[in-house]
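Only one structure is covered here, and it is reproduced in the block below.
The values are calculated or read from the model by the stated rules, or taken from the named source; none is laboratory data. Remember, predicted model here, so these are calculated numbers, not experimental data. Note that each Cβ is placed from the backbone with ideal geometry, even for glycine, and that neighbours are counted across all protein chains shown.
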Amino acid sequence: MQSSVPELIAGICPPHVEVEIFNEKEVDIPLDRHWDLVFFSYLHSYYEHTKVLSTLFRQRGITTVAGGRHAGHFADDVEKYFDAVVIGEPEANVPAVIEDFEKGQLKRRYALPSLGPAAIKPQRYELLDFKLSPMRMSSIEASRGCPFTCNFCVLTGHEKYRYRPVADVIDEIRTKMAFNKNFFGLIDNFFGFVDNNLGGSPKYLRELCEALIPLKKNWGCSLTFNILKDESLVKLMAQAGCRYIYTGLESLNPDSIKAMNKGQNKLSDVDAVIRRAFSNGIILSFGLLVGSDGDTNEYLEKVPQYLADLKHFSITFLGIVCPYPETPFYRQVQSEGRLLPGTISRDYDGYTLCHRPKNLHPSEAAEHFVRLCKQLGSFPNLLRHYSSKLLMSNLPRYRSGILFSGPEILSIRNPVKNPERRYIAGLDSIEAWDAEQMAKLGLEPQRLS
């Protein structure tokens, strides 16, 4: 799944503005081009890289703007490297930035209040280039935020759950959305919801599914575990074309779930939930985290065994629990003196340990992470994934969805392909190009410990 932020921002630019999109997961940014105004949206771990790009552009007279969660939380620091900072949602702020820029009156910060979910405009789907990312699917937002308060989540305390009018979502899918024609049309009817939690309101989800049925499209989404326990709602989602659901289960250890304040996850229901989803033609995958305060060496050693006992279980993401600076978890480990020394923003990538877990030495947590990535992302595990699930449903597009979900299994091992990494904050160097450019430009990394 790719971020839809570039296409979303393009959709709220005034009609006279000429827009180009560059996604560094797909293509390198051309450093010799000239633009009037560049918007950067980035994750915490890409702050060093992004401020290098911004500095290089500003040296050539290009105006740069930063937005997103990191920029909003660290606006004082971000202002040093960008001409303007957007704090908050883009629908009100991006048009204001462009208007002021055209008048030569650009402000340093833009923090206009949200216009509400009804103000979300259709993405510029025509700017998608499926040749650059052959397996990418179009995506859409129906809602923002989440009603739960998991202690490690960047939404907690910052975003309430809200959703767009169903009619707006359906109209965008029907009249605006572009579909990927690659692979002989096997995925030309698929799209994804990029909502943090499409099931934040079960009532809204039901209404949305009812409206999706006539479109006869297939789609995937992310939502919380509690929705999967509602048998009638899962069946309705399948009828509406849902073929893929990702859920952040995070752990199979009750103590770890408790430490995360993730009470909506009921581990005793996992097996029934898995069977229900697949029998309805929905591919269900989970994410797990290493390094929670409930984790022990004994539990992490047995994770593959626990997964083997759950025959149809699929893990498509494995990460290290991360104390992002705007979260309750960060405030907790900071107050307890458990942030690791030398931590910089680059380390907040979801694959680097930035704190001392209560029951593990940092090196133990890192070793478990590397081992589990290799085991869960192995080719034999991919074969088990196919053999256990391929024949569980005859619904349309289910089997092709299973086949295309295979690369997700193998991708679990991608974060540990670099043998030089230690996966512990303060021990891994910044990428060579970024480090070289930072030295030339006199830039220092943002230190967060």
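For this structure, a couple of remarks:
- Exactly one residue among 72, 88 is at pLDDT below 95 and either part of a helix (DSSP H, G or I) or among the aromatic types (Phe, Trp, Tyr) (or both), and that residue is 72.
- Criterion: closer than 26 Å to residue 134 by Cα and not polar (S, T, N, Q) - qualifying residue of 225, 183: 183
- Segment 301-317, subset under 24 Å from the mean Cα position of the chain (by Cα) and more than 30 Å from residue 217 (Cβ to Cβ), residue surrounded by the most Cβ atoms within 10 Å (Cβ to Cβ): 303
- Yes/no for residue 112 being out of contact with any strand residue (DSSP E or B) (no Cβ under 6 Å at 6 or more places or on another chain) and either modelled with pLDDT under 95 or β-branched (Val, Ile, Thr) (or both): no
- Residue within segment 224-235 that is farther than 21 Å from residue 396 by Cβ, at pLDDT 95 or above and touching a Phe, Trp or Tyr at 6+ places or on another chain (Cβ under 8 Å) present: no
- Residues (part of a helix (DSSP H, G or I), in contact (Cβ under 8 Å) with a residue 60 or more places away in the chain and over 12 Å from residue 367 (Cβ atoms)) located in segment 289-309: 303, 304, 307
- All of 393, 363, 378, 388 fail the test of being hydroxyl-bearing (Ser, Thr, Tyr) and crowded, with 17+ Cβ neighbours inside 10 Å, apart from 393.
- Just one of (1) in contact with a Cys (Cβ under 6 Å, 6 or more places away or on another chain); (2) modelled with pLDDT of 95 or more fails for residue 166. It is (1).
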